[in-house]
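Scroll down for the structure; my scribbles are underneath it.
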Ligand code: FAD
Ligand code: MLT
Ligand code: ZN
């Protein structure tokens, strides 16, 4: 049978979704036009699409996949479109369909006794956090994009963020999944059991798969006791080595109640105070490095602030800390976090940037930063290192910004050489070239370069088994041509 024409594909989709359930280039419809779905957050890619599907029900998702599989039409799942590697953007052919999960956004169930929540893929992360909070519970994943990223995207990128040190990554918080498979079958496994050793852990395949193995429609997730005591400090440290030593000390002193520990370089304070309205330097004297650390407890009466202050005082004596500001109220705390969370935006506003989302064993981070900084100083005269991030779990955003007055195009043209040097160094340190942002389209060649052949082979076998016609997010994670 000859392939369907684009018009026939569109009428097939319309039968499944109705006219109000899709956007096309010809008829954008009442929900806006296609444009915002075609470009990724970093504006690295601009694709084309035959249509954007906006399913309202799980049955529409499975029917749509069965249809696209039969007609060999590529399908690109999209959540909040905040990811960094182009995974949610269609290619330039104009033949792919974007499936936006944004209308599948119901919280199906919250069981406070069971410490679990079942939510649909299109729920915005902040809405899940809020629902948990209202039930006196905590859903701990927290990212700078939490007001717009969606659960399906978080699961599919295995998102990290600022609480991984204490609660783990997205994968660690999943109890069950509902997934529409390429052939239109539904894997429905939304149980909330903590223990279930019945064969292979099939659901884990879809976590971090970036939409290449199935479309996640819902998940059951772990909740935790709501946090009621917070102690937050913005502390200047002499160097990253002192930061890591301070972390080890705080973990011990607090009985492992450090929930965030972020490394911030001076340049990030300069960038955020310059570009982001309302951000102020919490300390009077300029220092080379800072940490933003937070101790938390579910017991309101726990003296977290006292504990933090005592630990910081000891660290000051031992010169692990040079100076510190402790948040006295929710406003101070929000101000410290605003500085940290607007670093990516300040970097973007300042000019061209090169991003490296890497992880290194925590004990080697200081050595890595020393080696990497030396390489950059010697080889990238028009760039400035902006190395910050979730140092508590070993994840650094080892980014560069163009130096003031540098030529943006010339600076960005160094991307390949800089990436190669940094990622090779990461490999030498036993680290990962993609800690929390995934592979998408951007890092397909990096995966081929750094993954072990046997690992790549297994990935291709799994892809072929679950998506033999290669319709699911073609060209993302693994090369399909
Ligand atoms: P999208 O960008 O829409 O999609 C991401 C991938 O998942 C794509 O491959 C897409 O095809 C696939 N996908 C989406 N929905 C589904 C589904 N239902 N089923 C199957 N596949 C699907 N990330 C972190 O990990 N940690 C951070 O600290 C962090 N901070 C950020 C701060 C800012 C300011 C910004 C803009 C981004 C940040 N990110 C961070 C990156 C991003 O927010 C995360 O990767 C997030 O998990 C992406 O969710 P999304 O809904 O936007 O996904
Ligand atoms: C962050 O931690 O702020 C992000 O993951 C990094 C970024 O936005 O570049
Ligand atoms: Zn991050």
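The values are calculated or read from the model by the stated rules, or taken from the named source; none is laboratory data. Just so we're clear, the structure is a prediction, and the values are computed from it rather than from any experiment. Heads up, the Cβs are rebuilt from the backbone with ideal geometry, glycines too, and the neighbour counts pull from every protein chain shown.
In the stretch 116-143, which residue that is in a loop (DSSP other than H, G, I, E, B) and over 16 Å from the mean Cα position of the chain (by Cα) is farthest from ligand 1 (Cβ to nearest atom)?
Residues of the stretch 116-143 in a loop (DSSP other than H, G, I, E, B): 121-123, 135-136, 139-143.
Add one more test, that the residue is over 16 Å from the mean Cα position of the chain (by Cα), and what stays is 135-136.
On the way: 135: 23, 136: 26 Å.
So, considering only residues that are in a loop (DSSP other than H, G, I, E, B) and over 16 Å from the mean Cα position of the chain (by Cα), the one farthest from ligand 1 (Cβ to nearest atom) is 136.
Scanning for something under 26 Å from residue 229 (Cβ atoms), crowded, with 19+ Cβ neighbours inside 10 Å, within 16 Å of ligand 3 (Cβ to nearest atom) and without any contact (Cβ under 8 Å) to a residue 40 or more places away in the chain, does the stretch 130-141 turn up at least one residue?
Start the filter on the stretch 130-141 by keeping residues that are under 26 Å from residue 229 (Cβ atoms), which leaves 130-141.
Subsequent filtering for residues that are crowded, with 19+ Cβ neighbours inside 10 Å retains 132, 137-141.
Filter once more, so that each one left must be within 16 Å of ligand 3 (Cβ to nearest atom): 140-141.
Keeping just the survivors that are without any contact (Cβ under 8 Å) to a residue 40 or more places away in the chain gives 141.
Yes, some residue in the stretch 130-141 is under 26 Å from residue 229 (Cβ atoms), crowded, with 19+ Cβ neighbours inside 10 Å, within 16 Å of ligand 3 (Cβ to nearest atom) and without any contact (Cβ under 8 Å) to a residue 40 or more places away in the chain.
Output the number of the condition that residue 63 fails; it satisfies all remaining conditions of (1) farther than 25 Å from residue 479 by Cβ; (2) in contact with a helix residue (DSSP H, G or I) (Cβ under 7 Å, 6 or more places away or on another chain); (3) at pLDDT below 95.
All conditions pass for residue 63, except number (3).
Report, by residue number, each residue of the stretch 1-21 that is touching a helix residue (DSSP H, G or I) at 6+ places or on another chain (Cβ under 8 Å) and at pLDDT below 95.
Residues satisfying the conditions are 3, 4.
What is the residue count in the stretch 343-395 for residues that are under 27 Å from residue 245 (Cβ atoms), within 12 Å of ligand 1 (Cβ to nearest atom) and outside any helix (DSSP H, G or I)?
Residues in the stretch 343-395 being under 27 Å from residue 245 (Cβ atoms), within 12 Å of ligand 1 (Cβ to nearest atom) and outside any helix (DSSP H, G or I): 6 in total.
If you scan the stretch 170-207, which residues turn out to be within 9 Å of ligand 1 (Cβ to nearest atom) and either in contact with a strand residue (DSSP E or B) (Cβ under 6 Å, 6 or more places away or on another chain) or in contact (Cβ under 8 Å) with a residue 60 or more places away in the chain (or both)?
Going through the stretch 170-207, the residues within 9 Å of ligand 1 (Cβ to nearest atom) turn out to be 170, 179-180, 206.
Residues satisfying the conditions are 179, 180, 206.
Please work out which one of (1) surrounded by fewer than 17 Cβ atoms within 10 Å (Cβ to Cβ); (2) away from ligand 2 (no atom under 16 Å from the Cβ); (3) not in a strand (DSSP E or B) is the condition residue 73 fails and give its number.
(1)
Across the stretch 243-277, what is the number of residues that are in a helix (DSSP H, G or I) and touching a strand residue (DSSP E or B) at 6+ places or on another chain (Cβ under 8 Å)?
Going residue by residue through the stretch 243-277, those that are in a helix (DSSP H, G or I) are 243-253, 266-275.
Applying the additional criterion that residues be touching a strand residue (DSSP E or B) at 6+ places or on another chain (Cβ under 8 Å) yields 243, 246-247, 250-251, 266-269, 271.
Of the residues in the stretch 243-277, 10 are in a helix (DSSP H, G or I) and touching a strand residue (DSSP E or B) at 6+ places or on another chain (Cβ under 8 Å).
Within the bounds of the stretch 195-202, is there any residue that is at pLDDT 95 or above, under 21 Å from residue 101 (Cβ atoms) and not in a loop (DSSP other than H, G, I, E, B)?
The answer is yes, given that some residue of the stretch 195-202 is at pLDDT 95 or above, under 21 Å from residue 101 (Cβ atoms) and not in a loop (DSSP other than H, G, I, E, B).
Answer yes or no as to whether residue 409 is modelled with pLDDT of 95 or more, closer than 25 Å to residue 172 by Cα and surrounded by fewer than 20 Cβ atoms within 10 Å (Cβ to Cβ). I'd like the intermediate steps shown before the answer.
On the way: modelled with pLDDT of 95 or more: yes; closer than 25 Å to residue 172 by Cα: no; surrounded by fewer than 20 Cβ atoms within 10 Å (Cβ to Cβ): yes.
No; evaluated as a whole, the condition is false for this residue.
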